[in-house]
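Quick notes on the structure that follows.
Computed from the coordinates by the stated procedures, all read-outs in this text should not be read as laboratory data. Computed from a predicted model, the values in this text were never measured in an experiment. Here Cβ is always computed from backbone atoms with ideal geometry, including for glycine, and neighbour counts include all displayed protein chains.
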Amino acid sequence: MRRTKKISGPKAVQKPHVSTHHEFVKCDLEFSPFVRQLENLDLTQFDAVDSCIDKIEKMTWAHILATSSKSQKRGLNWEVLDQKTASGCIVASIRITEKFRARVTRDGVYMRFISLHPDHDSAYKESGGEDI
């Protein structure tokens, strides 16, 4: 995640990093592999994803991270994976249900959904590198 943004031109200036930590999270559901997976879910799985997204959009990033503890498996259980997108962004998994996870990345206020994993363990087997 970039902390400053350079503006090209003769008088380049840097814009300061603006924290989105206390803003409500917005979900980006438009990554085409994710959309295809979403379309192929059964109704129970789709409802679980829909409910999770509703919950996420009522949370701030501070709340998501505070409820994601390895010692107290609660909340979304945001878990950073040993994966990155093609642009170098960190990939994490979140809990949809006890056995169902999604791979996501953070981009400012947005949580960008990359893939769905109804079998849980497959989220950890991905290699990353998505062009998102």
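Some values worked out for this structure:
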{"read-out": "Inverse of mean 1/r across different Cα pairs in region 20-125, Kirkwood, Å", "value": "13.8"}
{"read-out": "Cut-off under 5 Å, modelled amide H: who pairs with residue 26 long-range", "value": "110, 111"}
{"read-out": "Around residue 110: net Lys/Arg minus Asp/Glu count, Cβ-Cβ under 10 Å", "value": "+1"}
{"read-out": "Whole-Hz couplings from phi, Karplus 6.51/-1.76/1.60, listed for region 47-63; x for Gly and Pro", "value": "4, 5, 5, 4, 5, 5, 4, 4, 5, 4, 6, 9, 10, 9, 4, 4, 5"}
{"read-out": "Reachable aspartates and glutamates from residue 55, criterion Cα separation under 18 angstrom, eight or more residues apart if same chain", "value": "23, 28, 47, 79, 98"}
{"read-out": "Residue-wise HN-Hα coupling along region 102-109, computed from phi with Karplus coefficients 6.51, -1.76, 1.60 (Hz; x: Gly, Pro)", "value": "10, 9, 9, 9, 9, 9, x, 7"}
